[in-house]
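Since the structure comes first, as structure tokens, the remarks are kept for the end.
The values are calculated or read from the model by the stated rules, or taken from the named source; none is laboratory data. Worth saying up front: this structure is predicted, and the values here are computed from it rather than measured. Positions of Cβ are backbone-derived with ideal geometry, glycine not excepted, and every protein chain shown enters the neighbour counts. Only protein heavy atoms, including side chains, enter the accessible area calculation; ligands, DNA and RNA are left aside. Shrake-Rupley method; radii C 1.70, N 1.55, O 1.52, S 1.80 Å.
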Amino acid sequence: MISRLLEDLDNALVKDPAARNRLEVLLAYPGLHAVWGYRAANYLWRHNLKLIARIFSNWIRATTGIEIHPAATIGRRFFIDHGMGVVIGATAIVGDDVMLYHDVTLGARTYVLGKRHPTIENNVVIGAGARVIGDITIGHGARISANVVITKDIPAQSTLESSEFFVI
């Protein structure tokens, strides 16, 4: 467990050029606090302590401005930079080495039961203000520009610029 916490700290140092050291990241990075809070809430959720998980995740949201449902599935070395306004829904799946900027939504298009949030494969970067909506897949290594609304699958290794690409 300690090695995973250190991995998250070191990942922030790699992904954010403004990060100066582990202590600064530990004390002053709400994206990291939200991820760690999610991991604790997810543990509670998986152990059928769902109400406690939801209460804890709401407290994390109130303190960080980042809402991650405890039922979501999130991989290793996940980094949220400037996280305010990030929302990740219950059936979202996020792979390893994914980076989100502020105000990103991984949301649903429907109220039906079952998978309704996106799957984000490994090594994806999603820019500020992007909306990824529905049971879709963003392929491995894709780069999503700021303020793009995506409701259809995006192939691996794609780069989507907001000025040239708007997927609905």
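Summary table
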| read-out | value |
| --- | --- |
| Enumeration of residues in the stretch 83-112 that are farther than 17 Å from Pro70 by Cβ and aliphatic (A, V, I, L, M) | Met84, Val98, Met99, Leu100, Val104, Val112 |
| Output for the stretch 110-156, where each listed residue is at pLDDT 95 or above, open to solvent by 50 Å² or more (accessible area, probe 1.4 Å) and within 16 Å of Ala90 (Cα to Cα) | Lys115, Arg116, Arg131, Asp135 |
| Some residue of the stretch 97-114 being in a loop (DSSP other than H, G, I, E, B), over 14 Å from the mean Cα position of the chain (by Cα) and of a type in the set (Gly, Ala, Ser) | yes |
| Gly95 being within 24 Å of Gly114 (Cβ to Cβ) and in contact with an Asp or Glu (Cβ under 7 Å, 6 or more places away or on another chain) | yes |
